[in-house]
């Protein structure tokens with residue numbers, strides 16, 4: 001098991017630690033519901049240093065990114081971030097990722113922890129024009145500081161005007177007195193906030209400074225369990241659950257990051273799929289009857305015929321109702337369609353709704 005530079009701190013302050021994507025990670029500190037509410041109403045800090053970061057540099061860096069990702073990275077400008085996918089050659093997804101444009105010849109890709117090696121090998125396979133690639137994952141720490149009070153809590157630590165930063169942009173500057181820190185505004189919780197990237201050697205110092213500065217704003221450490229309930233309330237996909245090597249970006253509702261004005265891996269087949277229409281779709285649903293949907297539960301019709309599968313599900317702390325995501329046959333994907341989740345052999349009624357669940 002790998003540790004992050006902050007594992008010792010998490011253990012010291014009483015986090016419940018679990019193995020996640022090969023790392024020893026804090027799943028919760030005081031309890032999922034309380035931590036979830038902290039992020040929705042104030043400000044919370046996630047250690048997400050297990051995520052992967054690659055630097056791509058050189059004349060052909062953009063060309064390589066264009067070949068392997070589904071979104072159009074040519075639209076990026078310095079300081080802009082883009083959400084994208086790495087399509088595989090069989091219609092599925094290698095990973096979903098963020099693309100940061102540092103300058104016209106330098107990009108940072110942020111990938112999922114469980115896919116670091118897989119993504120590195122995949123991109124390297126297409127690197128036929130000598131792009132300089134560096135995997136900086138093991139030396140990079142990442143804090144996601146999320147919630148409506150995040151800008152106020154962090155502003156005293158930096159000259160970057162946090163309140164004026166637009167969604168999906170980033171700036172490089174001084175943070176807590178440390179140079180060359182990347183501060184970005186992407187977020188995976190729907191509660192606003194920032195991601196702070198820095199070298200491992202500064203991790204403990206920056207963690208302590210963030211908590212000192214954030215104390216008047218009720219800042220708290222948050223575990224991965226609340227990260228999951230927060231992202232699910234927004235209908236954000238989690239790789240390995242809602243998208244994987246077998247799900248097409250079009251089935252997953254990621255047509256908006258699949259741009260056919262350029263050629264990329266498997267773009268021709270995906271374009272044909274778009275024209276023909278998909279046979280199944282990722283939908284959001286909320287439970288009408290009592291029951292909590294879980295990953296891999298079957299979705300059935302009124303007669304009990306299997307029409308799909310749950311990919312993510314939980315009891316939403318903000319909405320006090322059970323919600324989920326899942327793939328169903330196209331004819332059941334329409335909003336307000338009645339579907340049933342098979343929970344311990346019982347048919348439990350649910351309704352198709354359009355995410356985000358939490359508005």
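Within the stretch 133-160, the residues that satisfy the criterion of being outside any helix (DSSP H, G or I), in contact with a helix residue (DSSP H, G or I) (Cβ under 8 Å, 6 or more places away or on another chain) and surrounded by fewer than 20 Cβ atoms within 10 Å (Cβ to Cβ) are 133, 135, 148. Residue count for the stretch 183-200 satisfying the condition of being crowded, with 22+ Cβ neighbours inside 10 Å and under 16 Å from residue 141 (Cβ atoms): 7. When 214, 255 are checked against the criterion of being closer than 30 Å to residue 178 by Cβ and not assigned by TED's automatic domain parsing to the domain that holds residue 318, 214 stands alone in meeting it. Figure legend. Inter-residue proximity from the stretch 289-305: first residues over 19 Å from residue 240 (Cα atoms), second residues modelled with pLDDT under 95, beta-carbon distance below 9 Å, spacing 6+ or different chains. Indicated pairs: 291/344. For the stretch 29-41, the criterion of being in a loop (DSSP other than H, G, I, E, B), in contact with a strand residue (DSSP E or B) (Cβ under 6 Å, 6 or more places away or on another chain) and either outside the structural domain of residue 215 (by TED's automatic domain parsing) or surrounded by fewer than 17 Cβ atoms within 10 Å (Cβ to Cβ) (or both) is satisfied by no residue at all.
Just so you know, in the stretch 302-335 the residues that are farther than 20 Å from residue 354 by Cβ and in a loop (DSSP other than H, G, I, E, B) include one that is farthest from the chain's Cα centre (by Cα), and it is 303. If only residues of the stretch 228-254 that are touching a strand residue (DSSP E or B) at 6+ places or on another chain (Cβ under 6 Å) and more than 30 Å from residue 275 (Cβ to Cβ) are counted, the one that is surrounded by the fewest Cβ atoms within 10 Å (Cβ to Cβ) is 229. Put simply, of 74, 15 the only residue that is buried (at least 18 other Cβ atoms within 10 Å of the Cβ) and over 16 Å from the mean Cα position of the chain (by Cα) is 15.
The values are calculated or read from the model by the stated rules, or taken from the named source; none is laboratory data. Computed from a predicted structure; not experimentally measured. Quick reminder, even Gly has a Cβ in these numbers, built from the backbone with ideal geometry, and neighbours come from all protein chains shown.
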